[in-house]
1. Among (1) touching an Asp or Glu at 6+ places or on another chain (Cβ under 9 Å); (2) away from the ligand (no atom under 15 Å from the Cβ); (3) outside any helix (DSSP H, G or I), where does G95 come up short?
2. If I filter the range 346-366 for residues that are closer than 18 Å to A318 by Cα, out of contact with any helix residue (DSSP H, G or I) (no Cβ under 8 Å at 6 or more places or on another chain) and either outside the structural domain of T120 (by TED's automatic domain parsing) or among the aliphatic types (A, V, I, L, M) (or both), do I get at least one hit?
3. Name the single residue, out of those in the range 155-180 being closer than 19 Å to L89 by Cα and under 9 Å from the mean Cα position of the chain (by Cα), that is farthest from the ligand (Cβ to nearest atom).
4. Out of L89, L131, which single residue is in contact (Cβ under 8 Å) with a residue 60 or more places away in the chain, part of a helix (DSSP H, G or I) and within 15 Å of the ligand (Cβ to nearest atom)?
5. I'd like to check something: does the range 298-313 contain any residue that is in contact (Cβ under 8 Å) with a residue 24 or more places away in the chain and assigned to a helix (DSSP H, G or I)?
6. Does the range 8-55 hold any residues that are surrounded by fewer than 18 Cβ atoms within 10 Å (Cβ to Cβ) and β-branched (V, I, T), and which are they?
7. What do you reckon, is A124 in contact with a Pro (Cβ under 9 Å, 6 or more places away or on another chain) and within 29 Å of N261 (Cα to Cα)?
Amino acid sequence: MTTRTDTAGELAISGGPPCVEDPSSHPHLFHWPIVTAEDEQAVLNVIRDGGSPSGTDISMQFEKEFAEWMGVRHALSYPNGTMAIHVALWAAGIGRSDEVIVPSMTYWASAMPVFSLGATPVFADIDPDTLCIDPEDIEQHISPHTKAILPVHWGGYPADMDAIMTIADKHDLTVIEDVSHAQGTLYKGRQVGTFGRVNALSMMSGKSFAVGEGGMLLTDDQSIYERAIAFAHYSRHDQLDDPALKAHAGVPLGGIKGRMNQTCAAMGRGQLKHYPARIKEIQAALNRFWDLLEGTPGIRAHRPPADSGSTMGGWYAARGLYRADELGGLSCAAFCEAVRAEGVGDCWPGANSPLHRHPALNDVDIYGDGKPTRIANSDRDLRQPAGSLPVSENIFKIAFGIPWFKHDEPELIAQYAAAYRKVALQADKLI
Ligand SMILES: Cc1ncc(COP(=O)(O)O)c(C=O)c1O
């Protein structure tokens, strides 16, 4: 394989040799999750043992180990992250006519369960450097109906929890972290998912902590834990102490069945054993990539400062930050197209689309109230017009994809870094 880390050569989009000549030669660099023979055997054991997929013994073991790793009192598993968030919101007391402040730039599952509970998500903008909820914007959206703030540690970057907890304390709001992108991320030395009163995460197959399909709820709070059982874990009501909740034994209050398939729990137990070491390697690889690009005009690392004690966890949905003004106004889309021509398949502009502009959160009358649910749930018009959250709305101009390396292989990583540097240094030729 001929490889080129020469950033002065002709751009591949103009006919020059690409920096990464044969991307298909190293699929192992990106393959995820890593599945061992032990993982396979554990899953097979579940399938072969008749009722085991619908049991709870392995899931409860997984929860215990997950809680220990996170340093929380309770972890409770669900079939997916969406349900874990839904239950966390209910367990925290979110209901009819309440408002929950959520970043606009996130996956829909951070916000839509708020709707399902008769409450309304109110969107805050993101910070252009962290891509997480902007604490300064949170305060603009607090009303007498606000009950909670739901930060998302987007792309593994820890949201500014000091500022968020201060705002929450000041206004007596509950914090519910969505940790779906950030299992293992540290904020100033402390695991994210341990700050909020109740927190939740996805473990679906694309995530950095991947079990197939799955979700986890985390809390130190016994009453939240018991409510979370009562809402969706109908077969575990024997774990309840609260007599009021015990009275409903056998019927989940949420009318939903929250039991995780134990094939996924078995996979999760295996993944957890290796997860801290594996994300350390991911961090080494991505930090190497960004160190090579330090000082490149127009692009910035999406990672916390090295001396902050904060990390990027498994660096899910890895992104870079784009600053077109440093590249003569070259659009992020044009930049990405040229990087892809250099052999980097993952380089696309943007991240999640802003939710506050989505029709589901503006026009759709989901429950037949004769008006959009965004109005019906709150009895006032909380819709947020175009232009109201400019950073989220410009996400396709300010962020781009980078390769999600799973192994720290210096030669290959240097080729990928060269692709970005070459295009940035020759941006004038693309304008
Ligand atoms: C930020 C975020 N929250 C919640 C979810 C929902 O999790 P799940 O797909 O496991 O339901 C996802 C992704 O899937 C996500 O990216």
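1. Of (1) touching an Asp or Glu at 6+ places or on another chain (Cβ under 9 Å); (2) away from the ligand (no atom under 15 Å from the Cβ); (3) outside any helix (DSSP H, G or I), only one is false for G95: (1).
2. Scanning the range 346-366, I find at least one residue that is closer than 18 Å to A318 by Cα, out of contact with any helix residue (DSSP H, G or I) (no Cβ under 8 Å at 6 or more places or on another chain) and either outside the structural domain of T120 (by TED's automatic domain parsing) or among the aliphatic types (A, V, I, L, M) (or both), so the answer is yes.
3. V179
4. Values: L131 fails: part of a helix (DSSP H, G or I).
None of the others qualify; the one that does is L89.
5. no
6. Residues satisfying the conditions are I34, V35, T36, I47.
7. Criteria not met by A124.
To keep it simple, each residue is scored yes or no on (1) within 16 Å of the ligand (Cβ to nearest atom); (2) not polar (S, T, N, Q).
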{"site": "S208", "(1), (2)": "yes, no"}
{"site": "G212", "(1), (2)": "yes, yes"}
{"site": "G215", "(1), (2)": "yes, yes"}
{"site": "L218", "(1), (2)": "yes, yes"}
{"site": "D221", "(1), (2)": "no, yes"}
{"site": "P252", "(1), (2)": "no, yes"}
{"site": "G255", "(1), (2)": "no, yes"}
{"site": "M260", "(1), (2)": "yes, yes"}
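The values are calculated or read from the model by the stated rules, or taken from the named source; none is laboratory data. Predicted model only: the values in this text are computed from it and were never measured. Counting neighbours? That spans all protein chains shown, and the Cβs are built from the backbone with ideal geometry, glycine included.
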